[in-house]
Amino acid sequence: YPVNENNQIELRTDPILLEVDGKKMLIDSGIGNEKMSDKQKRNFGVWEESSVLRCLDSLNIKPEEIDALLMTHMHFDHACGMTRWEEDQLVPTFPNATIYTSEVEWQEMRHPNMRSKNTYWQANWEAVEGKVHTFKDSFDLLPGLKMIHTSGHSNGHSIITFEDGDDVFIHMADLMPTHAHQNPLWALAYDDYPVTSVHEKKKWMEYGYQRRAWYVFYHDAIYRALKFDEQGQILDKLKEREHHYQ
């Protein structure tokens, strides 16, 4: 995975559009627009803001047509896109969407501790508080589509699985943010519970290998999705488009 002169890697923040049984859903909401100060952009290495509304428009999908946001967790790089500025007021970006997240994550979001307060922002949840639906261990959104609470990266972190016959898709969220994090022992320095992360990643990677699942990414700058065989070797891939920055 390439690095720059500051030993930083490029991470995308690209929501994943699902269209299942007539429902339009997004996995996570993107990094938002006009949510960060210049200092925050510098510190977090943010080079571009969200293009999710423009991308949806290119598909002739209006924000009002999104039925659900499936929030794997509520860190700012996943949750800033839940709200947007309308003049001097924050409003829901997707006004008709129900927001699904784990009960633990919703609690963490609204009552952050001294470490997590820098990533759980009131500006990202206050305007959508009445739209949130929480679950404990797992939640079946539609036949075959499930959110599963794993903890690890954050206490309330979840992954998402979708099974349609023999086809299996897994979104590991930040348990495996890029293909370069495939090794179960490689946890993020950001992880609140790294031991939980490695055990959960091992479990869901082994499951995916056996099912020859597609792994779909939110952060990966190289691939949008990968399929592995039983030994973890790449069988098929969908590449991310290249991005160029000034």
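The values are calculated or read from the model by the stated rules, or taken from the named source; none is laboratory data. Only a predicted model underlies this, so the values are computations on that prediction, with no experimental measurement involved. Cβ atoms come from the backbone with ideal geometry, glycine included; neighbour counts cover every protein chain shown.
Cβ contacts < 8 Å: first residue part of a helix (DSSP H, G or I), restricted to the range 178-192; second residue exposed (fewer than 13 other Cβ atoms within 10 Å of the Cβ) and among the hydroxyl-bearing types (Ser, Thr, Tyr), any location; separation 6+ or different chain. Result?
Close Cβ pairs (under 8 Å, with a partner that is exposed (fewer than 13 other Cβ atoms within 10 Å of the Cβ) and among the hydroxyl-bearing types (Ser, Thr, Tyr)) amount to His179/Tyr1; Ala180/Tyr1.
Can you work out which of the residues in the range 1-36 that are of a type in the set (Lys, Arg) and in a strand (DSSP E or B) is surrounded by the most Cβ atoms within 10 Å (Cβ to Cβ)?
Filtering the range 1-36 for residues that are of a type in the set (Lys, Arg) and in a strand (DSSP E or B), the one surrounded by the most Cβ atoms within 10 Å (Cβ to Cβ) comes out as Lys24.
Would you please name the residue that is modelled with the lowest pLDDT, looking only at residues in the range 231-246 that are of a type in the set (D, E, K, R) and surrounded by 12 or more Cβ atoms within 10 Å (Cβ to Cβ)? Quick ask: steps written out before the conclusion?
In the first step, residues of the range 231-246 are kept if they are of a type in the set (D, E, K, R); the result is 236-237, 239-242.
Keeping just the survivors that are surrounded by 12 or more Cβ atoms within 10 Å (Cβ to Cβ) gives 237, 240.
Numbers: Lys237: 96, Glu240: 74.
Ranking the qualifying residues of the range 231-246, first place goes to Glu240.
Hey, could you check the range 193-227 for residues that are among the aromatic types (Phe, Trp, Tyr) and assigned to a strand (DSSP E or B) and say which is farthest from Gly45 (Cα to Cα)?
From the range 193-227, those among the aromatic types (Phe, Trp, Tyr) are 193, 204, 207, 209, 214-215, 217-218, 223; that's our starting set.
Of the ones still in play, those that are also assigned to a strand (DSSP E or B) are 214-215, 223.
On the way: Trp214: 29, Tyr215: 26, Tyr223: 20 Å.
Within the range 193-227, the match that is farthest from Gly45 (Cα to Cα) is Trp214.
Looking only at the range 2-31, filter to residues that are on the phi > 0 side of the Ramachandran plot and not charged (D, E, K, R); which one of those is modelled with the lowest pLDDT? Before you say what the answer is, go through the steps one by one.
The initial filter retains those residues of the range 2-31 that are on the phi > 0 side of the Ramachandran plot, namely 7, 21-22, 28, 30.
Okay, now just the ones that are also not charged (D, E, K, R), so 7, 22, 30.
Numbers: Asn7: 82, Gly22: 95, Gly30: 97.
Checked the range 2-31; the qualifying residue modelled with the lowest pLDDT is Asn7.
Which of the residues that make up the range 37-50 are without any contact (Cβ under 8 Å) to a residue 12 or more places away in the chain and in a loop (DSSP other than H, G, I, E, B)?
Once the filter is applied, which keeps residues that are without any contact (Cβ under 8 Å) to a residue 12 or more places away in the chain and in a loop (DSSP other than H, G, I, E, B), the range 37-50 yields only Ser37.
So, in the range 51-60, how many residues would count as being exposed (fewer than 14 other Cβ atoms within 10 Å of the Cβ) and either in a strand (DSSP E or B) or of a type outside the set (A, V, I, L, M, F, W, C) (or both)?
Residues meeting the conditions: 4.
One line per residue, one yes/no per condition, for (1) closer than 26 Å to Ser116 by Cα; (2) exposed (fewer than 15 other Cβ atoms within 10 Å of the Cβ); (3) out of contact with any Gly (no Cβ under 9 Å at 6 or more places or on another chain):
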site: Trp47; (1), (2), (3): yes, yes, yes
site: Lys62; (1), (2), (3): no, yes, yes
site: Arg84; (1), (2), (3): yes, no, no
site: Leu90; (1), (2), (3): yes, no, yes
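Report those strands (runs of 3 or more DSSP E) wholly inside the range 113-154 carrying at least 1 residues which are crowded, with 21+ Cβ neighbours inside 10 Å.
138-142, 145-149
Which ones in the range 94-112 are touching a Phe, Trp or Tyr at 6+ places or on another chain (Cβ under 6 Å) and in a helix (DSSP H, G or I)?
Met109
What is the residue count in the range 92-112 for residues that are more than 16 Å from Ser151 (Cβ to Cβ) and surrounded by 18 or more Cβ atoms within 10 Å (Cβ to Cβ)?
The total comes to 6.
Of all residues in the range 183-202, how many are closer than 16 Å to His73 by Cβ and either buried (at least 17 other Cβ atoms within 10 Å of the Cβ) or at pLDDT 95 or above (or both)?
9
Looking at the range 205-218, I want the residues that are farther than 27 Å from Ser29 by Cα and of a type outside the set (A, V, I, L, M, F, W, C) and have a partner that is surrounded by fewer than 21 Cβ atoms within 10 Å (Cβ to Cβ) and at pLDDT 95 or above with Cβ atoms under 7 Å, at least 6 apart or on another chain. Which pairs are those?
What qualifies is Arg211/Val168; Arg212/Lys227.
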